[in-house]
Amino acid sequence: MTSPNTVAVLPAFNEAKTIGTQVRSLLPLVSTVIVVDDRSTDDTARTAGDAGAFVVRHEKNTGYDDSLNDGFKAAASLGADIIFTFDADGEHDAADVPLVLAPLLQGTADIVAGQRPCVRHWGERIFAAYTRFRYGVSDPVCGFKAYRREVYEAVGFFDSFRSIGTELMIRGVGKGFRLALVPITLHERVDGRSRFYSFNLRGNMRMLRALWHVLWI
């Protein structure tokens, strides 16, 4: 179903409850699962390693986008042909992986953005209004996206301004890489909240700051 050099990257912060299940569900579909542990205070790193993941550990907590940056560096060093991001908290379903990867494997796209059934928070809705108008993307911050390695190499990094997982996609499209959108399943998080960015006022303002930077790409 997938390339022999397909790598999943999961940023994780205090996800010991779900990370083992997520890793085990992905391993039959990919060559490597990379978990970037953003200095969790629980057993995230150990649980991920026991489940079979390649674990990158941060010495200090640096956030979601830095975790993805380091995950992509590790994936490139392993010779990945396709790299995709996937949430560690149980929100995404491994059954959707073949659907998301299909446009890449069939040669019809270079970037695939998963699209959740709904966008829940006002910061996301404002961000989505802009990307829908400019790029046709209704859910820009969905954490389930897939890329050919060439996209990452052409841009040179995953993120430079804490874009909440959107910069590589947008810069890739700007460089002429083909984008496909694929609907995905959405599960509720185990504890009902994101551990990387909360959707209180602070979280929504962070979303708007990311949008401000995206406007100038």
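The values are calculated or read from the model by the stated rules, or taken from the named source; none is laboratory data. All values reported here derive from a predicted model rather than from experimental measurement. Cβ: placed from backbone, ideal geometry, glycine included. Neighbour counts: every protein chain shown. Quick note on the areas: whole protein, heavy atoms, side chains included, nothing else; ligands and nucleic acids left out. Shrake-Rupley method; radii C 1.70, N 1.55, O 1.52, S 1.80 Å.
Regarding residue 72, is this residue under 26 Å from residue 28 (Cα atoms) and in contact with a Gly (Cβ under 8 Å, 6 or more places away or on another chain)? Spell out the reasoning first.
Values: under 26 Å from residue 28 (Cα atoms): yes; in contact with a Gly (Cβ under 8 Å, 6 or more places away or on another chain): no.
Answer is no for this residue.
Output the residue which, of all residues in segment 144-162 that are part of a loop (DSSP other than H, G, I, E, B) and open to solvent by 60 Å² or more (accessible area, probe 1.4 Å), is farthest from residue 76 (Cα to Cα). Write out each step before concluding.
Applying the first criterion (part of a loop (DSSP other than H, G, I, E, B)) to segment 144-162 yields 144, 156-162.
Then drop every residue that is not open to solvent by 60 Å² or more (accessible area, probe 1.4 Å), which leaves 157, 160, 162.
Numbers: 157: 11, 160: 18, 162: 20 Å.
If we take residues in segment 144-162 being part of a loop (DSSP other than H, G, I, E, B) and open to solvent by 60 Å² or more (accessible area, probe 1.4 Å), then 162 is farthest from residue 76 (Cα to Cα).
Within segment 89-116, can you find the residues that are in a helix (DSSP H, G or I) and open to solvent by 10 Å² or more (accessible area, probe 1.4 Å)? Lay out the reasoning, then the answer.
Our first condition is that a residue be in a helix (DSSP H, G or I); within segment 89-116, this holds for 94-105.
If the condition is that a residue be in a helix (DSSP H, G or I) and open to solvent by 10 Å² or more (accessible area, probe 1.4 Å), then 94, 95, 96, 98, 99, 102, 103, 105 are the ones that fit.
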Review point. Is it true that residue 165 is in contact (Cβ under 8 Å) with a residue 60 or more places away in the chain, not hydrophobic (A, V, I, L, M, F, W, C) and not in a loop (DSSP other than H, G, I, E, B)?
Key: no
Exercise for review: Please list, ordered by first then second residue, the pairs with beta carbon atoms under 6 Å, 6 or more apart or interchain, first in segment 41-60 and charged (D, E, K, R) and modelled with pLDDT of 95 or more, second open to solvent by 40 Å² or more (accessible area, probe 1.4 Å) and not in a helix (DSSP H, G or I).
Suggested key: 60/39
Exercise for review: Just give me the residues in segment 146-166 being within 11 Å of the chain's Cα centre (by Cα) and over 15 Å from residue 124 (Cβ atoms), in sequence order.
Suggested key: 146, 147, 158
Point to revise | Criterion violated by residue 186 - all others in (1) farther than 24 Å from residue 30 by Cβ; (2) modelled with pLDDT under 95 satisfied | key: (1)
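Answer with yes or no whether residue 114 is over 17 Å from the mean Cα position of the chain (by Cα) and either among the hydroxyl-bearing types (Ser, Thr, Tyr) or under 21 Å from residue 171 (Cβ atoms) (or both).
Working: over 17 Å from the mean Cα position of the chain (by Cα): no; either among the hydroxyl-bearing types (Ser, Thr, Tyr) or under 21 Å from residue 171 (Cβ atoms) (or both): yes.
Considered against the rule, which asks whether it is over 17 Å from the mean Cα position of the chain (by Cα) and either among the hydroxyl-bearing types (Ser, Thr, Tyr) or under 21 Å from residue 171 (Cβ atoms) (or both), residue 114 comes out as no.
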Practice item. State whether one or more residues within segment 7-18 are modelled with pLDDT of 95 or more and surrounded by fewer than 16 Cβ atoms within 10 Å (Cβ to Cβ). Key: no
